[in-house]
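Here is the structure we will look at, set down as structure tokens.
The values are calculated or read from the model by the stated rules, or taken from the named source; none is laboratory data. All values reported here derive from a predicted model rather than from experimental measurement. All Cβ positions, glycine included, derive from the backbone under ideal geometry; neighbour counts span all protein chains shown. The accessibility values were calculated without ligands, DNA or RNA, using every heavy atom of the protein model including side chains. Shrake-Rupley method; radii C 1.70, N 1.55, O 1.52, S 1.80 Å.
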Amino acid sequence: MRFYFLLILLLSSGWPAALRAQVAPDTTHGRYHRPVFRQVTVRRNVEFAQATTLLGMSQTLYMDVYEPTGDTVRRRPLVVLAHEGGFLTGTRDDAVMTALCNRLARLGYVAATIDYRLYFFPFDTVGIGRAAIRATQDMRAAVRFFRHDAATAKKFRVHPGYVFVGGSSAGGFMALQAGYLNKAAEVPAYLDLKALGGLEGSGGHAGYSSRPRGVINLCGALARATWLEAGDVPLCSVHGTRDGLVPYGRGTVGSALPPQLVYGSGALRLRANAVGVPNVLRRLRGAGHVPYSFEPTYIDSAFFAMRDFLRPLLGVGAPGPLLAAALNPRRAAQVTALLLPRRIELQGLPTPAEITWRPDLLKSTPDSTQRPAEPALPLPAADAAPNPTPPAPPQGSTPKSER
């Protein structure tokens, strides 16, 4: 009886208030989580870089920038996005990029969808690899452009410490490489990185950091999971478990090129967990490649995953309390978006094999363009991989955020 009396006394003495004080209140009135802005202002054809094409000609790169109409916040987080298209096709006004940029701007973000250099020759592994490097240089140039603006004209009112990169399919490859391919020695020698202009390229605004605060990968992959290392920036991935073009786990792409080994979102999650990089994975169970491009429901799945990943990263230092659970690397943090098979006409397909973590999987191997095709699952013991992929950004500071 005495125990219950003491318990009641504690509960009535302000002890709960002390506990509540440890949880930071949401002072943003829903900003960055719900659409607090009704309209979006779009600045089209914003020039951000000059780059050299495959044929040695100069190309002006443009972006479209989406901002919340009437916003008065002085410095805002930015998301730079890149479209899909296999480094051959696509434009910055791609329907998926447009939809995501509009939604992000309504939450209070600045969002940009960018041009990047397309095409490659010869049509083989080396050609694609070089195209991927050029495209990643362009994404890094866009990040540097905004950081230069933040330090000078402040036209876009972007906070330089909260710049995120993302993309779909080829754009996902670019974002992953911008975040995690950050050493020239990691690029296969046969791609001749020096001739391409190094990791950063020559797109302008040298001296400004191109390191993102986080990476959003929609149906992309990395040529080597070992590029993702302890201390790297957080990762959010959205991927269909039945993706036939870019594997969900460890598998090959470009069957006619010859095929190249890559690590999709499922395998990257395992690697991120192993090295302690905060990450979330939204599995689109039973879905194929970029399903959000033809099924609107999947746009919601991708957008909500991005929204819930980004918001806790807007605090200073470690993830704040708003949605910190979304960055918990435990299995429970993996969110699954399940749609009926009839939506994507995949009735009767077998359930994909479970991916298991193998620490020896991620050992480096010599660069080689002569790799035989390998099945996507299960995971073998050795990491063989020459997939052409681009560079990562220099270290940058993360100043205190302002809202």
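Which length gain, in nm to one decimal place, applies between Tyr62 and Leu88 when the Cα-Cα distance is subtracted from 0.36 nm times their residue separation?
Here the segment from Tyr62 to Leu88 would lengthen by 7.6 nm.
Report the relative contact order of the range 111-158, percent, no decimals, based on alpha-carbon pairs under 8 angstrom and at least 6 residues apart.
29
May I ask for the net charge around Val233, where only other residues with Cβ less than 13 Å from the Cβ of Val233 are counted and Lys, Arg are +1 while Asp, Glu are -1? Don't skip to the answer; put the middle values down first.
Details: positive: Arg211, Arg213; negative: Glu229, Asp232.
Net local charge, Val233 excluded: 0.
Students often check this: by mean Cβ neighbours within 10 Å, which of 35-42, 282-289 ranks highest, and how do the rest follow?
Descending packing order for the listed peptides: 282-289, 35-42.
Hand me the chymotrypsin sites (Phe, Trp or Tyr not before Pro) from the range 104-161 located in a DSSP loop with no more than 16 other Cβ atoms within 10 Å, in residue order please. All intermediate terms of the calculation are to be shown ahead of the outcome.
Working: sites: Tyr109, Tyr116, Tyr119, Phe120, Phe123, Phe145, Phe146, Phe156; in loops: Tyr109, Tyr116, Tyr119, Phe120, Phe123, Phe156.
Passing both the DSSP loop test and the Cβ count: Tyr119, Phe123.
What net charge do the residues around Leu176 carry, taking every other residue with its C-beta under 12 Å from that of Leu176, with Lys and Arg at +1 and Asp and Glu at -1?
Numbers: positive: Arg224, Arg271; negative: Asp232.
So the surrounding residues net to +1.
Between Ala99 and Arg38, how many nm apart are label points set 7 Å from Cα along the C-beta direction?
With each label point 7 Å from Cα toward Cβ, the separation is 2.4 nm.
To the nearest 10 square angstrom, what accessible area does Phe303 show with a 1.4 Å probe?
Here the residue's solvent-accessible area equals roughly 10 Å².
With all protein chains present, calculate the accessible area of Leu88 using a 1.4 Å probe and round the result to the nearest 10 Å².
The accessible area comes out at roughly 60 Å².
Using a cut-off of 13 Å between beta-carbons, work out the net charge of the residues near Ser293 (Lys and Arg +1, Asp and Glu -1, Ser293 not included).
Summing Lys and Arg as +1 and Asp and Glu as -1 gives -4.
Where both partners of a DSSP beta bridge lie in the range 50-139, what percent of those bridges are antiparallel, to the nearest 5?
For the range 50-139, the DSSP antiparallel bridge percentage is about 60.
Give the shape of the range 155-314 as rounded, prolate or oblate, defined through the alpha-carbon gyration tensor: a ≥ b ≥ c are the square roots of its eigenvalues, a/c under 1.5 means rounded, and otherwise the shape is prolate if a/b is larger than b/c and oblate if not.
It is oblate, given that a/c is not under 1.5 and a/b is not larger than b/c.
How far apart, in nm, are the 7 Å Cα→Cβ label points at Leu54 and Ala189?
Those two pseudo-labels are separated by 2.6 nm.
Could you list the trypsin sites (Lys or Arg not before Pro) in the range 60-153 that lie in coil according to DSSP, counting only those with at most 13 other Cβ atoms within 10 Å of their Cβ?
Answer in residue order: Arg74.
If you average the C-alpha positions of the range 113-181 and of the range 225-252 separately, how far apart do those two centres end up, in angstrom?
18
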